[in-house]
1. Could you identify the single residue in 141, 88 that is in contact with a strand residue (DSSP E or B) (Cβ under 9 Å, 6 or more places away or on another chain), closer than 23 Å to residue 280 by Cβ and in a loop (DSSP other than H, G, I, E, B)?
2. Look through the range 344-366, keep the residues that are of a type in the set (S, T, N, Q) and closer than 20 Å to residue 72 by Cα, and return whichever of them is surrounded by the most Cβ atoms within 10 Å (Cβ to Cβ).
3. Is there a residue being modelled with pLDDT of 95 or more, among the aromatic types (Phe, Trp, Tyr), in contact with a helix residue (DSSP H, G or I) (Cβ under 8 Å, 6 or more places away or on another chain) and within 13 Å of residue 419 (Cα to Cα) anywhere in the range 328-342?
4. Restricting attention to the range 385-410, and to residues there that are outside any helix (DSSP H, G or I) and of a type in the set (A, V, I, L, M, F, W, C), which single residue is surrounded by the fewest Cβ atoms within 10 Å (Cβ to Cβ)?
5. Can you tell me which of 140, 146, 187, 164 is among the β-branched types (Val, Ile, Thr) and out of contact with any Phe, Trp or Tyr (no Cβ under 8 Å at 6 or more places or on another chain)?
6. Considering the range 242-271 alone, what residues qualify as being in a loop (DSSP other than H, G, I, E, B) and either in contact with a helix residue (DSSP H, G or I) (Cβ under 9 Å, 6 or more places away or on another chain) or among the hydrophobic types (A, V, I, L, M, F, W, C) (or both)?
7. Kindly provide the set of residues from the range 372-384 that are touching a strand residue (DSSP E or B) at 6+ places or on another chain (Cβ under 7 Å) and surrounded by 16 or more Cβ atoms within 10 Å (Cβ to Cβ), ordered by number.
8. Any residue at all in the range 30-39 that's at pLDDT 95 or above, in contact with a Ser or Thr (Cβ under 9 Å, 6 or more places away or on another chain) and surrounded by 17 or more Cβ atoms within 10 Å (Cβ to Cβ)?
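The values are calculated or read from the model by the stated rules, or taken from the named source; none is laboratory data. These figures come from a predicted structure and were not determined experimentally. In this analysis, Cβ positions are derived from the backbone assuming ideal geometry, glycine residues included, and neighbour counts consider all displayed protein chains.
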Amino acid sequence: MTSRRGFIKAGGLALFGISLGGFPTFLARAAESNKIISPYKRNKILVCIFQRGAMDGLMAVTPFTDNYLKAARPTLFMSAAKGGNTNPLIDLDGQFGLHPSMKAFESMFLEKRLAIVHGIGSPNNTRSHFDAQDYMESGTPFNKGTSSGWLNRAVGLLGHEAATPFQAVSLTSSMPRSFYGDNATVTINNLQDFAIQMKGNQMGANIAAKSFEDLYDQTSSSLLKETGKESFEAVKMLQKTDTRNYKPANNAIYPNSQLGNSLKQIAQLIKMDVGLEVGFAESGGWDTHVNQGTANGVFARNAADLSNNMMAFWTDIGSYQDDVTVMTMTEFGRTVKQNGTGGTDHGRASCNFILGNDVKGGIVHGNIKPLAIENLEDGRDLAVTTDFRSVFSEVANKHLKINNNPILFPDWKGNAMGVMRS
């Protein structure tokens, strides 16, 4: 029997979208001859969204009473005061204001189902996008040699072998660093049109096979031998569902974006009961060096896309909400002071959002001192007062019932943040 783990060590199972549409005929033929397996037991599900580019946490959730921030951002500072020509911040607690483009989050915050952690970041002070993302996704901020990602290790700590190839799915164009490792993960660009990725494998579409098992037995491709069983099982599952004509439930409307497409497909997998436990999606465009804008502009567009898509997803999954927690992450924040081109440069701490029925919502967690220069990291950045591992580990521990932090986050011995209910 083929060893799943043997291939996963080499990079995981990658399924990718194809522009030709539909499935190769031999796969379609084989799929028709097999019945889909029975729905899996419903599990707790963690969905992570990586905001690539480094979100300006001080604009997403602004400490609007801080006069130092107002002085540092003469054209970017936003107020919570009503009136005027611009949309004010949404006052959350008299100290922090939510960006108006994130209004979709307001109801969840008021219902105490959305928690915000401010001042979160990595203890490693690199301001390199690549390095910071690598450290955050590996979960080892001072070790570039870590071969696995923290979400892959989380899969290994779930306490059971995957009975499904869809236990951990990334809806991205390539496998994220978070998913690298020994445990089974799948990367799919698009559920509608996908094929098995086999570099250099000339497998004709005219292969006759009565079943996936027949096709597996006939092929001499070493790569197919390594990935075939899981790949075929994945195809069989999705072939039984009309993903192309999927209609979101409860009148949920996803914005037309990469993130919207990914979250909509994750919602499909959740409602298909195919055994999903870890989902991953990406949101790009947060590197706002130039013309960041305030109520309008590039930041506002990204903020609206993130919040509207998360709320569309939350609405869409309906009765599954008790099973799902959604958590965002970003590699670092932006400088307190705006730059000369109406933007902000690479900084340190940012904020993140955690949505779920088991979070301590309605609170801006964390500790932010007044943004006077003496309180800034390197005299320029919002200091990291919450290690990202104290949040990520708690969400995994409380929601997924994982209790092995030495494996999940090696070399970290910190305490939980307190963002989840017991």
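1. 141
2. So, considering only residues that are of a type in the set (S, T, N, Q) and closer than 20 Å to residue 72 by Cα, the one surrounded by the most Cβ atoms within 10 Å (Cβ to Cβ) is 350.
3. Applying the first criterion (modelled with pLDDT of 95 or more) to the range 328-342 yields 328-342.
Applying the additional criterion that residues be among the aromatic types (Phe, Trp, Tyr) yields 332.
If we keep only those that are in contact with a helix residue (DSSP H, G or I) (Cβ under 8 Å, 6 or more places away or on another chain) too, we end up with 332.
Imposing the further condition that a residue be within 13 Å of residue 419 (Cα to Cα) reduces the set to none.
Checking the range 328-342: not a single residue is modelled with pLDDT of 95 or more, among the aromatic types (Phe, Trp, Tyr), in contact with a helix residue (DSSP H, G or I) (Cβ under 8 Å, 6 or more places away or on another chain) and within 13 Å of residue 419 (Cα to Cα).
4. The qualifying residue surrounded by the fewest Cβ atoms within 10 Å (Cβ to Cβ) is 402.
5. Result: 146 is the single residue among 140, 146, 187, 164 that is among the β-branched types (Val, Ile, Thr) and out of contact with any Phe, Trp or Tyr (no Cβ under 8 Å at 6 or more places or on another chain).
6. 243, 246, 248, 252, 253, 254, 255, 257
7. Scanning the range 372-384 gives 381, 382, 383, 384.
8. No: zero hits.
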